[in-house]
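Shown next, in structure tokens, is the structure this report addresses.
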Amino acid sequence: MSASLSARTTQLSPVQRAAALRDTVIGWRRHLHMHPELSFHEERTAQFVYDTLASFGGLELERPTKTSVVARLHGVHPGPVLAVRADMDALPILERNEVDYASRTPGVMHACGHDGHTAMLLGAAKTLAQLREQLHGEVRFLFQHAEELFPGGAEEMVAAGVMDGVDMVIGAHLWLPMPVGTVGVLAGRLMASPDVFDLVIHGRGGHAAAPHETVDVIAVAAQVVTNLQHIVSRGVDPIDRAVVSVTRIAGGTAYNVLPGSVELAGTIRTFDAALREEIPQLFERIVRGVSEAHGASYTLRFDRGYRPVVNDAAAVEFMRRVVARALGPDALADARPSMGGEDFSAFLQRAPGCFFFIGARNEARGIVHPHHHERFDLDERALESGVAIFIEAALAYLDGGRTHAA
Ligand code: NI
């Protein structure tokens, strides 16, 4: 035992290994950034990932779905299975950044940082493939397609069996709300379930000069939108968290015509399963009451999005130790939960795990635009932190029990 322990301690640290790959990882990220692809259409991206992984040697590669890639790294000793996930898809946004690695595909952009996620996981795979002798168990690298578009790629990969035998799963999001150099970890509820609704209010159209002969659905829709604000402010326990947003409203064609119907759509976000069930009932009660009060009718449909991301307490404790050891205790922060959705939750249905945030903001350099913004960018030093954390996590989880015994 002392021999292998001293062998480990005389080797490069995960931070040193990540630093050695700095330019390579940034190069991968910029290549992916220049060639973004939309959800479920990541053909070139998946091929690039596959070919790059193949060049490392020692990995067992697989294409579980058309545009996803899984790499298995079997340590020379038996042990547990750690899955690490990166998503790979881009968004339908016209990039406005003036950088030499800007998107070459007009109208498609890596505006959420998934290019960085993919590059970080490639960096970790390259390093860990050289450290097989130290690994007790398996590291499974999950390169996932289509995080941005419901029903999401994670569910498909899980159905294809990529989580079979996995003991713990981790994944990270490069995170603009947090400064570069910090890493946010949190036990329990981290990201919300992003459900959606479609509502049509039906009335009776007519001449705008004779409103008494119509059922004015524009006036009714305005009341509905206003009254829906009561759900969160008056209907939900203030200690709980929820969002109800009307994000689309469409109706009418002319100055002098009252339309016969108005369409509304939007999103409902919650963490809590009971609240997720309850809000649609409060929602429909308001729509029904307001519509009836004014002689209108409605059709209403709710569709479920991803499950909320809920981190496992033990996995979170493990990742806190990993982050503190890799980057120093000062880097570690409590993550602030987000009402955004993430289909990482599909992997968490199959194994306990931890999703966490890697700070990528840099005020001084103007890297401040939010996710999904046309000028979104990353402080690329964050990539190095991510690579170091993934390496440290794999070495710690697959160390044959030495760390836990120490
Ligand atoms: Ni994202």
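Tilt of helix 381-397 relative to the longest C-alpha principal axis of the chain, in degrees (0 to 90, nearest 10)?
Helix 381-397 sits roughly 60 degrees off the main axis of the chain.
Tally Lys and Arg at +1 and Asp and Glu at -1 over the other residues with C-beta under 11 Å from the C-beta of GLY184: what net charge comes out?
+1
How many Å² of accessible area per residue for segment 21-109, probe 1.4 Å?
Value for segment 21-109: 43 Å² per residue.
Under the definition of Cα pairs under 8 Å and six or more residues apart, what whole-number percent is the relative contact order of segment 193-303?
44 percent
Mind ordering 159-168, 117-126, 38-47, 314-323 by average Cβ neighbours within 10 Å, highest first?
Output ranking for 159-168, 117-126, 38-47, 314-323: 117-126, 314-323, 38-47, 159-168.
What does the charge dipole of segment 193-303 about its Cα centre add up to, to the nearest 20 debye, if the Cβ of each Lys and Arg holds +1 and the Cβ of each Asp and Glu holds -1?
With Lys and Arg at +1 and Asp and Glu at -1, about 160 debye.
Output wanted: per-residue J couplings in Hz (rounded whole) for segment 53-58, from phi through Karplus 6.51 cos²θ - 1.76 cosθ + 1.60, θ = phi - 60°, x for Gly and Pro.
Per-residue couplings from phi come out as 4, 4, 6, 6, x, x Hz.
Roughly how tilted is helix 22-34, in degrees to the nearest 10 and between 0 and 90, from the longest Cα axis of the chain?
Helix 22-34 and the main axis of the chain meet at about 30 degrees.
Could you work out what % of the accessible surface of the chain is carbon and sulfur, using a 1.4 angstrom probe and leaving DNA, RNA and ligands out of the count?
About 53 percent, which is the carbon plus sulfur part of the accessible surface.
Amide H to amide H under 5 Å from LEU38: which residues, 5+ apart in sequence or cross-chain, H placed 1.01 Å off N in plane?
ALA90
Hey, what's segment 233-311 come to in accessible area per residue, 1.4 Å probe, Å²?
57 Å²
Under the classification rounded if a/c is under 1.5, otherwise prolate if a/b is larger than b/c and oblate if not, where does the chain fall, given a ≥ b ≥ c as square roots of the Cα gyration tensor eigenvalues?
prolate
Explain nothing, just the number: relative contact order of the chain, from Cα pairs under 8 Å at least 6 residues apart, as a whole percent.
Rounded, it is 24 percent for the chain.
With the dipole of the chain worked out from charges on the C-beta (+1 for Lys and Arg, -1 for Asp and Glu) around the Cα centre, which of TRP175, LEU228, VAL322 lies farthest toward the positive end?
Selected residue: VAL322.
Per DSSP H run of at least 4 residues, take -39500 (n - 2.57); add these up for the chain, divide by its residues and hand me the 222 nm value, nearest 500 deg cm²/dmol.
-11000 deg cm²/dmol
What list of ³J(HN,Hα) couplings, whole Hz, do you get for segment 181-186 from phi and the Karplus terms 6.51, -1.76, 1.60, once you set θ to phi - 60° and write x for glycine and proline?
x, 10, 9, x, 10, 8
Which angle from 0 to 90°, rounded to the nearest 10, does the C-alpha axis of helix 273-293 make with the longest principal axis of the chain?
Tilt relative to the chain: about 20 degrees.
Roughly how many whole Å is it from the C-alpha centroid of segment 122-151 to that of segment 258-272?
First find each Cα centre; the distance between them is then 39 Å.
Order of 230-242, 290-302, 374-386 by packing, highest average Cβ count within 10 Å first?
Order by mean packing, descending: 374-386, 290-302, 230-242.
The values are calculated or read from the model by the stated rules, or taken from the named source; none is laboratory data. Owing to the predicted nature of the structure, the values given are computational and were not obtained by experimental measurement. Glycine also receives a Cβ, built like all others from the backbone with ideal geometry; neighbour counts cover every protein chain displayed. Remember, those area values only see protein heavy atoms, side chains included, never the ligands or the DNA or RNA. Shrake-Rupley method; radii C 1.70, N 1.55, O 1.52, S 1.80 Å.
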